[in-house]
Amino acid sequence: MLYFIEQCLNGVQLGMLLFLLAAGLTLVFGIMDLVNLAHGSLYMLGAYFAATVAALTGSFVIALVVAVAASLLSGMVLEVIAIRRLYGRDHLDHVLGTFGLILFFNELVRLIWGGGGLSLSLPPEMLTAVEIVPGVYYPLYRLVIILASLAVAGLLYVVVMRTRLGMLIRAGASNREMVGALGVNIKLLYTLVFGLGAALAGFAGVMQAPILTVEIGMGENILILAFVVIIIGGIGSIRGAFLASIIVGLIDTVGRAFLPDLLNHVLSANAAVTMGPALSSMSMYILMAAVLVLRPEGLFPAASR
Amino acid sequence: MTTSVDPALTPSLDVAPKRRLTPRAAFTVALLLVLAFLPLYATLTGDAFVLTLFTRVIILAIGAVSLNLIMGYGGMVSFGHAAYLGIGGYAVGILAKEGIASGFIQWPVAIAASALYALAVGALSLRTRGVYFIMITLAFAQMAYYVTIGLDRYGGDDGLPIRQRSQFGGLIDLTNKTAFYYLCFVLLLVCIYLIWRIVNSRFGLVVQGARVNDRRMRAIGFPTPRYKLVCFVIAGAMCGLAGALLANHTNFISPAMMHWTRSGDLIVMVVLGGLGSLFGPLIGTATFILLQEALSRVTQYPDLFLGPLLLLVALYVHGGIQGLLEGRRE
């Protein structure tokens with residue numbers, strides 16, 4: 001039971017991380033109708049920025065702030081230079097163009113930081129575990145990730161639902177042409193939205209960096225998971241992305257932890273050990289395929305559509 | 001739909017069939033001639049590497065032409081096409097490991113397994129369209145990827161070396177590089193011929209019609225989902241053959257064969273060469289692989305140039321290299 005709680009928390013933590021990526025992806029997808037495969041590259045860049053700044057200053061907080069700001073800036077520059085030219089084009093052009101950007105960013109990172117990968121170490125006070133329920137200790141840093149991501153999710157909700165910028169974002173999602181016709185600087189709005197998505201991705205990269213190594217291609221597999229999340233949640237729906245992130249995070253983590261045991265009852269021990277992780281990795285894709293076939297608009301579609 | 005339809009007509013509708021040698025046709029013929037005489041050059045210069053490199057080009061070109069059949073002619077953007085390369089490869093690898101080395105068994109199994117998988121994936125994915133189709137094909141390819149990672153007996157994550165290439169009872173020796181090269185080349189030509197026949201048949205016209213306007217095709221009485229599904233299965237089977245060849249070429253199979261970036265590579269090859277053109281995917285595959293190879297000789301960071309190039313192609317080149325040869329620009 002204690003193990004179960006721990007695994008659930010791990011699942012929520014992964015889900016929160018996925019949400020940070022998926023939120024930006026679903027905004028860009030919903031508003032600009034852009035399939036952005038290079039979103040994972042911004043996640044990677046965020047992690048590299050943070051690792052570099054942390055090595056220079058020795059402060060995790062400074063690294064976090066600088067990395068998020070740098071990701072925001074990189075995203076906006078990228079949008080102005082390249083991405084904005086892809087709007088209104090065929091999805092196939094998006095796939096080709098942003099696939100090219102992945103190659104470019106991976107190589108750029110290799111040029112600047114080398115191929116070896118970096119690590120980002122946490123301040124020592126983060127390395128402790130806290131007792132969440134009597135008898136259950138959980139790493140403090142993972143709790144921090146959950147809480148920080150929740151705070152960011154809350155902030156995002158306030159920005160999107162309660163501010164003028166958010167109103168424009170929502171308006172842009174439901175009818176682009178009309179917003180432009182009403183005199184809103186739609187180009188600037190798109191740049192801001194893309195930058196916001198990049199900053200969220202960068203933030204996710206920084207938060208995840210101390211747990212995993214910072215390496216080239218780190219954004220590629222998690223990007224696909226983020227796509228799975230926005231398809232399950234419904235394209236363009238931040239609420240959907242939030243709920244689907246937690247579902248996917250829980251399925252992946254809890255499945256990985258318990259499927260081998262469950263399979264043990266059905267299969268031989270050896271087969272269960274190898275089948276378990278494979279099956280739990282597949283489970284979210286099975287869920288996504290099921291959602292696409294049965295409820296193509298997603299489980300929690302955006303209300304405006 | 002009154003006159004017969006040239007395949008070149010389908011992507012743009014502004015190319016009238018011409019009798020004289022266009023730059024595009026000349027380029028295609030030149031490329032085919034180079035490919036046909038390449039082993040001669042390799043033997044004369046003793047450059048075995050160039051033959052290995054071009055064998056790879058040709059095998060991946062089979063994958064690319066099969067993807068072009070559904071993506072270029074059928075409008076089905078599959079982002080999971082590398083799965084068939086993997087399934088074809090694993091069919092050969094698994095049978096070889098279990099002691100069945102005969103190519104007469106291995107290759108039909110590779111093709112049938114890929115076709116079966118394509119049938120399942122197509123039946124579910126073709127209910128969706130647009131970006132959802134892109135994502136669901138990707139999802140199925142990821143599933144196949146994770147299944148192979150779980151195959152501990154067959155190497156799991158690390159992959160599986162193939163100790164013996166497919167045996168054809170003395171008919172052809174696949175360890176002979178030249179023989180293997182020509183076999184791949186002939187199979188590529190057969191695939192291109194088949195696709196030419198398909199896109200010019202009534203069946204192919206229905207599929208292309210469904211790409212242009214699916215609703216209208218259904219309104220005039222064609223059950224387009226069925227047509228598309230058959231087309232999807234044919235493409236999968238063809239790519240499964242490419243997978244079987246690839247496994248024989250590298251003597252090795254691993255889940256990395258079907259990583260989603262490999263599917264991305266295939267899309268790049270098709271679009272780079274020219275979507276919906278008969279020889280475009282071959283040109284695109286050759287360009288992509290040779291460019292990678294050339295760039296990696298002059299710089300340590302080839303993708304620094306290749307990446308932006310792809311972006312530029314996506315932005316400014318319509319119809320890929322084939323389109324450029326036509327002199328159409330946008």
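For segment A:277-302, filtered to residues that are assigned to a helix (DSSP H, G or I), without any contact (Cβ under 8 Å) to a residue 24 or more places away in the chain and more than 8 Å from chain B (Cβ to nearest Cβ), the residue that is surrounded by the fewest Cβ atoms within 10 Å (Cβ to Cβ) is A:294. In the set A:99, A:104, only one residue is at the interface with chain B (Cβ under 7 Å from one of its Cβ atoms), in contact with an Asp or Glu (Cβ under 7 Å, 6 or more places away or on another chain), among the hydrophobic types (A, V, I, L, M, F, W, C) and within 11 Å of residue B:310 (Cα to Cα); that residue is A:104.
Note on segment B:287-305: among residues that are among the β-branched types (Val, Ile, Thr) and either in a helix (DSSP H, G or I) or touching a Ser or Thr at 6+ places or on another chain (Cβ under 9 Å) (or both), the one that is farthest from residue B:64 (Cα to Cα) is B:298. Scanning segment A:111-150 for residues that are exposed (fewer than 14 other Cβ atoms within 10 Å of the Cβ), under 21 Å from the mean Cα position of the chain (by Cα) and touching a residue at least 40 places away in the same chain (Cβ under 8 Å) turns up just one, A:119. Only one entry in B:147, B:109, B:92 is modelled with pLDDT of 95 or more, assigned to a helix (DSSP H, G or I) and surrounded by fewer than 21 Cβ atoms within 10 Å (Cβ to Cβ), namely B:109. With respect to the conditions (1) touching a residue at least 60 places away in the same chain (Cβ under 8 Å); (2) under 28 Å from residue A:299 (Cβ atoms); (3) more than 11 Å from every other protein chain (Cβ to nearest Cβ), residue A:262 lacks only one, and its number is (1).
Residue by residue, here is whether (1) more than 19 Å from residue B:65 (Cβ to Cβ); (2) polar (S, T, N, Q); (3) modelled with pLDDT under 95 holds:
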| residue | (1), (2), (3) |
| --- | --- |
| B:176 | yes, yes, yes |
| B:189 | no, no, no |
| B:192 | no, no, no |
| B:221 | yes, no, yes |
| B:239 | no, no, no |
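Has segment A:114-130 got at least one residue that is on the phi < 0 side of the Ramachandran plot, within 14 Å of another protein chain (Cβ to nearest Cβ) and out of contact with any strand residue (DSSP E or B) (no Cβ under 6 Å at 6 or more places or on another chain)? Checked against the condition, which is being on the phi < 0 side of the Ramachandran plot, within 14 Å of another protein chain (Cβ to nearest Cβ) and out of contact with any strand residue (DSSP E or B) (no Cβ under 6 Å at 6 or more places or on another chain), segment A:114-130 yields at least one hit.
Against the test of being assigned to a helix (DSSP H, G or I), β-branched (Val, Ile, Thr), touching a residue at least 40 places away in the same chain (Cβ under 8 Å) and more than 22 Å from residue B:111 (Cα to Cα), the options B:234, B:267, B:283 yield a single qualifying residue, B:283. Name the single residue, out of those in segment A:183-194 being among the β-branched types (Val, Ile, Thr) and in a helix (DSSP H, G or I), that is surrounded by the most Cβ atoms within 10 Å (Cβ to Cβ). Once the filter is applied, the top-ranked residue is A:193. Can residue A:245 be described as among the polar types (S, T, N, Q) and more than 8 Å from chain B (Cβ to nearest Cβ)? Yes, satisfied. Here residue A:79 fulfils each of the conditions (1) touching a Ser or Thr at 6+ places or on another chain (Cβ under 9 Å); (2) without any contact (Cβ under 8 Å) to a residue 40 or more places away in the chain; (3) within 30 Å of residue B:306 (Cα to Cα); (4) not aromatic (Phe, Trp, Tyr) apart from (2). Being surrounded by 14 or more Cβ atoms within 10 Å (Cβ to Cβ) and out of contact with any helix residue (DSSP H, G or I) (no Cβ under 6 Å at 6 or more places or on another chain): is that true of residue A:162 here? No. Only residues that are assigned to a loop (DSSP other than H, G, I, E, B) and away from every other protein chain (no Cβ under 12 Å) were counted in segment A:195-228, giving 6.
Filtering segment B:164-219 to residues that are in a loop (DSSP other than H, G, I, E, B) and in contact with a helix residue (DSSP H, G or I) (Cβ under 7 Å, 6 or more places away or on another chain) leaves B:164, B:165, B:166, B:168, B:172, B:173, B:174. Scanning segment B:1-58 for residues that are basic (Lys, Arg) and at pLDDT below 90, we see that the one that is nearest to residue B:183 (Cα to Cα) is B:24. Look at (1) out of contact with any Ser or Thr (no Cβ under 9 Å at 6 or more places or on another chain); (2) more than 14 Å from chain A (Cβ to nearest Cβ) and you find that residue B:144 fails only one, number (2). If the condition is being out of contact with any Phe, Trp or Tyr (no Cβ under 6 Å at 6 or more places or on another chain) and under 13 Å from residue B:258 (Cα atoms), then segment B:79-117 contributes B:79, B:81, B:82, B:83, B:84, B:85, B:86, B:88, B:89, B:90. If the condition is being surrounded by 20 or more Cβ atoms within 10 Å (Cβ to Cβ) and at the interface with chain B (Cβ under 7 Å from one of its Cβ atoms), then segment A:265-276 contributes only A:275.
Residue by residue, here is whether (1) assigned to a helix (DSSP H, G or I); (2) of a type in the set (Ser, Thr, Tyr); (3) more than 14 Å from chain A (Cβ to nearest Cβ) holds:
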site	(1), (2), (3)
B:59	yes, no, yes
B:66	yes, yes, yes
B:70	yes, no, no
B:122	yes, no, no
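Taking the conditions exactly as written (under 21 Å from residue B:87 (Cα atoms) and within 14 Å of chain A (Cβ to nearest Cβ)), does residue B:238 satisfy them or not? So residue B:238 does not fit the description; no.
The values are calculated or read from the model by the stated rules, or taken from the named source; none is laboratory data. Values in this document were obtained by computation on a predicted structure and should not be read as measured data. Every residue, glycine among them, receives a Cβ derived from its backbone with ideal geometry; neighbour counts consider all protein chains shown.
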